[in-house]
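These notes are about the structure you will find just below.
The values are calculated or read from the model by the stated rules, or taken from the named source; none is laboratory data. It should be emphasised that the depicted structure is a prediction, and the values quoted were computed from it without experimental measurement. Here the Cβ positions follow ideal geometry from the backbone for every residue, glycine too, while neighbour counts run over all protein chains shown. To get the accessible areas, we keep the full protein, side chains included, count just its heavy atoms, and leave off ligands, DNA and RNA. Shrake-Rupley method; radii C 1.70, N 1.55, O 1.52, S 1.80 Å.
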Amino acid sequence: MTNANRLTRIGIQSLTSVILLVSAICALAIVDTQIQVFSLDDEWPNARSFPVLVLGVLTLTILFRLALNWKCEEGPIGPSQQMIRVIALLLTTACALVCIHYMGFLVGVALSAIVTSFALGERRIALTFGLGIILALIVTFGAREGLSIPLP
Amino acid sequence: MIWEAFTALLDIWVVVSAVVGIVSGIIIGAIPGLGPTMAIALLIPVTFTMDPIPAMILLLGVYQGSIFGGSISAILLNVPGTPSSAATAIDGFAMAQRGEGGRALRIALFASVFGNFFSCIVLMAMAEPLARIALDFGPAEMANLMLFALLVIVLFGGGSRIDALIMMLVGICAGIVGLDPISGTPRFTFGTFSLETGFQLIPVLVGLFAMSEVFIQVFNRAHGDTKIEVPELRPSKVSFLELWKIRATLFLSSVIGTFVGILPGVGSTVPAFMSYNLARSRSKEPKEFGKGAVEGVAAPEAANNAVTGGALVPTLALGIPGDAVTAVILGAFMLQGLAPGPFLFRDHGVEVYAIFEALLISSLPTVTFGLMLFQVAIHVIRIKPQHLFPTIAVLAILGAFSVNNSMFDVWVMLGAGALGFLFRRSGFPLPPLLIGLILGAPFEQSLRQALLTSGGSVQVFVDSPIALSFLLLVAFSVCVSLYFQFKRGKDD
């Protein structure tokens, strides 16, 4: 078994469960400030009842899952190099979306296509840039002229 | 109404939509990693400026085409284009290895068309009467029905039930964001106007299914060029007599696909394997299965294509999607102003029947284009991920933006993509999340309306025979699920 595939006690499933658990608890903690119930709406069930119920059940279910799988082996989070690649793509795509705000849709999506192609292993510069720019041109003009979408 | 609907189909744009839908569906479905869900989600923006009938025919053509397209890579490469084609790969690839790839593809195509045709007839026969019954449902009946649908997805959707339950609850939580359906109070909007309309379905599902696939591809990127070897396709024919010999397999598999497809959450993979096993148990030569049996290709293909019509029955008649693909189709119907549910047939009967008839008639172009597209699909399979997935990323951005012409939706799509990647890496199933997102808000609305009208008494959920029968179905489903779990535990 390779390092990448080795099973661990606390792996990606537990990590995801913990993230969801923390989110559910935080949501429960702020439910009173995020959902205001006025005197006219205080009859049960009100706007707050269902979210509290669902978040409560979600919290208990995740706790149950964590307890149930406490001694089970799980899949690893993954080799750091591969995770870094995904996080880098996520961040550069976010930058491309910011570029759409300032430089327009064409530049933003061209950047996104170039970065995705590079992240997937394309190292021929002409092909990486050429593909990204042609793709962005086709999609932008097709959407603007053909589908009448008011792109930024 | 049927004749009126037929005349609505006599339009060049309807024909063009059907052909474009089927052709693009077959090609997209053939590419491993691109399933019907992603294909339909990415093509939704194309339909914005179209009339409802051609728009829906285009998307449903993609659905039909991509289910068959999935079998092309399954048969030729042993890599199922869609999960439901996994059963087809068992005997299809064995046939391809002994030089009968062309024959296997033809059998798969004819079986697909048969399954499709059968399920469309069932869809036409069942959807409208079911919708008419649902017109009499009050809030309590609707709440119980949705509880049943949500529970079935968790219990019978396959995989870990607890993970499915968590995902369904996450989906319901995501659906809570926005204005309260009854009092209009903002919920978890953090004071922002953009969140008041909640998370839109299309950006979320484009993120979950398309953008997350881009991240998965980047994560699993292989070093160096991997050359795809496709077996040679020799000229071959399938005679009517050969198809006649497997008529019982085709019929039984179509019945399984259609009626199992009606159940929410089951999807098309389970019926495909059920049909495969049934065909093997009925066969006079069961040992041939796995070595290239014709019925081993025909049975799963007829079943997984028959699911298309079956899954549309609850989606259109009750507004309850059975799986991720029908959830996307439900979203597309809503964007066209055709809100699925009991009122759909009453308010838009002509449009819906025109779409049904088009699905039925489109079996003919599916055969024609399917036969023509084998070679094209082989070339498409060879496209490298580094050239294909940038296109997916760009189309995902466009698709998310075009729903409301809002950059906020694009950010939602990117966030959903990151979460989708995390969930898929962790083995958490995505369809329950999507179904939870869709059904969460109407479930809460029905639940609260029922409780408010009864003054907070839960007695309202057992008062009417219909509501009670749904609760009994819930109890029955739990018992069946527990029984199977107990039996599996005993067998292990």
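At a glance:
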| read-out | value |
| --- | --- |
| The listed residue being hydrophobic (A, V, I, L, M, F, W, C), without any contact (Cβ under 8 Å) to a residue 60 or more places away in the chain and either part of a helix (DSSP H, G or I) or open to solvent by 10 Å² or more (accessible area, probe 1.4 Å) (or both), out of B:ALA89, B:ALA94, B:ALA143 | B:ALA89 |
| Unmet requirement for B:GLY25, which otherwise passes all of (1) touching a residue at least 40 places away in the same chain (Cβ under 8 Å); (2) not in a helix (DSSP H, G or I) | (2) |
| Yes/no for B:ILE22 being of a type outside the set (Ser, Thr, Tyr) and within 23 Å of B:PRO431 (Cα to Cα) | no |
| Residue check, A:LEU60 under 17 Å from B:THR391 (Cα atoms), open to solvent by 50 Å² or more (accessible area, probe 1.4 Å) and more than 7 Å from chain B (Cβ to nearest Cβ) | no |
| The range A:88-111 - residue that is of a type in the set (Gly, Ala, Ser), under 17 Å from A:ARG144 (Cβ atoms) and surrounded by 21 or more Cβ atoms within 10 Å (Cβ to Cβ) and, of those, farthest from the chain's Cα centre (by Cα) | A:ALA110 |
| Subset tally (residues that are part of a helix (DSSP H, G or I) and under 13 Å from B:PHE470 (Cα atoms)) for the range B:103-138 | 1 |
| Selection from the range B:290-313 of residues that are open to solvent by 10 Å² or more (accessible area, probe 1.4 Å) and either among the acidic types (Asp, Glu) or assigned to a helix (DSSP H, G or I) (or both) | B:VAL294, B:GLU295 |
| Members of the range B:457-467 found to be surrounded by fewer than 19 Cβ atoms within 10 Å (Cβ to Cβ), assigned to a helix (DSSP H, G or I) and touching a residue at least 24 places away in the same chain (Cβ under 8 Å), listed by number | B:ASP463, B:ILE466 |
| Residues of the range B:162-203 that turn out to be part of a helix (DSSP H, G or I) and either within 7 Å of chain A (Cβ to nearest Cβ) or surrounded by 16 or more Cβ atoms within 10 Å (Cβ to Cβ) (or both), as a count | 19 |
| Output for the range A:23-57, where each listed residue is without any contact (Cβ under 8 Å) to a residue 12 or more places away in the chain, more than 8 Å from chain B (Cβ to nearest Cβ) and among the acidic types (Asp, Glu) | A:ASP42 |
| Scan of the range B:434-456 for residues that are open to solvent by 10 Å² or more (accessible area, probe 1.4 Å) and within 18 Å of B:LEU151 (Cβ to Cβ), ordered by number | B:LEU437, B:ILE438, B:ALA441, B:PRO442, B:PHE443, B:SER446, B:LEU447 |
| Number of the exception - A:THR92 against (1) more than 30 Å from B:LEU451 (Cα to Cα); (2) modelled with pLDDT under 90 | (2) |
| Residues of the range B:146-161 satisfying the condition of being part of a helix (DSSP H, G or I) and more than 19 Å from B:THR315 (Cβ to Cβ) | B:LEU155, B:ARG161 |
